[in-house]
1. Would you mind checking which residues have amide H under 5 Å from ARG39's amide H? H placed 1.01 Å from N; only 5 or more apart, or other chain.
2. Would you mind estimating how fast region 148-205 diffuses translationally, via Stokes-Einstein at 10 °C and 1.306 mPa s with the Kirkwood radius over Cα pairs, in µm²/s?
3. Roughly how many Å is it from the Cα centre of region 1-49 to that of region 234-290, as a whole number?
4. Whole-Hz ³J(HN,Hα) for each residue in region 150-161, computed from phi via Karplus 6.51 cos²θ - 1.76 cosθ + 1.60 with θ = phi - 60°, x for glycine and proline: what do you get?
5. If neighbour count is taken as other Cβ atoms inside 10 Å, put SER265, SER181, SER218, SER68 in order from fewest to most.
6. Tell me whether region 156-290 comes out rounded, prolate or oblate; compute the Cα gyration tensor, take square roots of the eigenvalues as a ≥ b ≥ c, and use a/c under 1.5 as the rounded threshold.
7. Give me MET1, MET263 sorted ascending by neighbouring Cβ count inside 10 Å, so fewest comes first.
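Any read-out appearing in this document is the output of simple, stated calculations on the displayed coordinates, not a laboratory observation. For clarity, every value in this text was computed on a predicted model and none was experimentally measured. FYI the Cβ positions are ideal-geometry reconstructions off the backbone, even for glycines, and counts take in every protein chain you see.
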Amino acid sequence: MPIYMDVHNKAQGATVDDVVQAHVLDLGVQGKYGVKYLRYWFNREAGKIFCLVEAPSVVAAVTVHEKSHGMLPDEIIEVERTLVEAFLGSAEESVDVEPSKLPAGLSFDDLPKGPVGKPVLDTALRTILFTDLEGSTAMTQRLGDEAAHRLVQEHNAIIRNALREHRGNEVKTIGDAFMVSFVSPRRAVECSIAIQRGLREQLEQEPAHAIRVRAGLSVGEPVEEKQDFFGAAVQLAARACAHAQPGQILASSVVRDLCIGKMFSFLNVGEVPLKGFPEPVRLYEVQWQQ
């Protein structure tokens, strides 16, 4: 059955309780239409609500909203199940729902759960990390296939260990590049630092077999433009990674702003022209070698 993301762009003034209760009302009627609302996200500052739904058609998904609470989406797009799961991961915030407000026949087991077992309300923002291994082709020519393969496997292990420790969701690998999403910007920065430090330790153990990676970080919402699932955020993280020097982490200004007070050090590298962006983008280098 298809999965859709519906977007409510005019939810200014809505409260957390409003969104939770609307989702609960959806659950109360969805069975009549063969629909299953899976997750929901709320950007209170921007007045946006995102709902993830499994439905036989767009009409069926929208009908559930119409019959339950009347809040119709401004747009709805079909998305790939595997991409959604990889990008969105698990929520970190939880909210309390009064049992008296649950429709008859529903229990807390019917609501999406966070790590502490309570119903969750996600912020919708995701931090995207791109990493890219420096000179893998030249490394193969210099060391030979077997030795180069071993180093690439060490590189992969260092990155995946950091992802597990900092709760990153591996979206995909593209050659020697990793594409990862995080619920928390802080964890994304911590993970990128852990990767660089893990590779530095590997270098100290094998000076002749240095592995270095570039990294880029950006932040975005599930749907930034019509029919574009995480498009601009992914492109910015990829371009920042491509612009970085080996061993460098470059982050967008939004990542830096969301990490204010988190004890990270950012160096302003100025406005940088990046392919695909009409205007130069301000980037910050994450200082990790202290």
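1. Placed amide hydrogens put LEU52 under 5 Å from ARG39.
2. Working: Rh = 11.7 Å.
Translational D for this selection: 136 µm²/s.
3. If you average the Cα positions of each part, the centres end up 33 Å apart.
4. 4, 5, 5, 5, 5, 4, 4, 5, 4, 5, 5, 5
5. Numbers: SER265 10, SER181 22, SER218 30, SER68 19.
So the ranking, lowest neighbour count to highest, is SER265, SER68, SER181, SER218.
6. On the way: a/c = 1.56, a/b = 1.42, b/c = 1.10.
Prolate, since a/c reaches 1.5 and a/b exceeds b/c.
7. On the way: MET1 12, MET263 6.
With the sparsest Cβ surroundings first, the list reads MET263, MET1.
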